[in-house]
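Novice: Structure below; questions to follow.
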Amino acid sequence: MLLNLLNGFRGRNGLCERSESLSSKVAEGKLSPVESLSILYPEDIPHAEARLARRILGNYSTHLTQNRRDFIENLTRDSVDFVKAKKRRDYWPTTEEAAMTQSMMAVVDEVFEVLEPYVSRLNQALDGTVLNVTLTHPSQVNEIVDHDHLRRPVATICNYRARISTARLSVVVRGQNNRVDFFLLPADRVMGLSKVEDEHKPLMTFCGTAGGANIDWEVEGKPLTRDRLERYTLLLFEHLMERTREEMEAIKGRVNVAC
């Protein structure tokens, strides 16, 4: 840059020869451009240095600003793409996962539909007795399963649940992913949800398997047909009532002994 400036001085005030000599020294590295200007034309050097500084600073700033802009744009784009992909993975299940969830919920709903008319008829016959039965309709329940050191939730699970209860016992129907589990629990412990349920072995489990476009369900290694689902569900209902009567008899016996 300063070499060009030196060349521009040629012919001014008869300094052509001196400027050529100084240009040669600058090219050979014997003299710096600024030193040559101070020799050739002392009164112009402050302006030349100022112009040089402004140009260098301008070039540097422009280059740095563009680099920063490109860096931020690339970093932002990559980060946004990552967040979008993660949201899709976390909140939008694959087609197979969505089909399994819908099928699981349909199985739980069907169990409830089988039970409902039998429970209604039994309650009419037992009107107001200790053997009355209550039904809790299927619904999605989000559970907090882990906290951080400040007791803020850091992990949750979502189940699809229904419940059939007597005064002493409850059968919890819990659907999750490709399973529908049936638990027999004391009625006063059902609010513990999965934490309590996982302390007990399921009485029965329906398992789903994805097979192409269909979801196949099984119970005890056998296909879960409509007829089999109804029979197993009613057997479970019968077991609940038998165990409730046993509990009532046990309480009565303890009372009699105490008297």
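Novice: May I ask you to list pairs of residues, at least six apart or on different chains, whose Cβ atoms are under 9 Å apart, with the first in the range 215-241 being open to solvent by 90 Å² or more (accessible area, probe 1.4 Å) and the second being assigned to a helix (DSSP H, G or I) and of a type outside the set (Ser, Thr, Tyr)?
Specialist: Here the result reads 226/110, each pair linking the range 215-241 to a residue that is assigned to a helix (DSSP H, G or I) and of a type outside the set (Ser, Thr, Tyr).
Novice: Which of the residues that make up the range 145-185 are open to solvent by 60 Å² or more (accessible area, probe 1.4 Å), at pLDDT below 75 and either among the charged types (D, E, K, R) or farther than 29 Å from residue 210 by Cβ (or both)?
Specialist: 146, 147, 149, 150, 151, 152, 153, 154
Novice: If we keep just the residues of the range 186-214 that are modelled with pLDDT of 90 or more and part of a strand (DSSP E or B), which is surrounded by the most Cβ atoms within 10 Å (Cβ to Cβ)?
Specialist: Filtering the range 186-214 for residues that are modelled with pLDDT of 90 or more and part of a strand (DSSP E or B), the one surrounded by the most Cβ atoms within 10 Å (Cβ to Cβ) comes out as 206.
The values are calculated or read from the model by the stated rules, or taken from the named source; none is laboratory data. On a predicted model such as this, the values are computed, not experimentally measured, just so you know. As a convention, Cβ positions derive from the backbone with ideal geometry for all residues, glycine included, and neighbour counts pool all protein chains shown. Note: accessible area is taken over every heavy atom of the protein model, side chains too, but ligands, DNA and RNA are not part of it. Shrake-Rupley method; radii C 1.70, N 1.55, O 1.52, S 1.80 Å.
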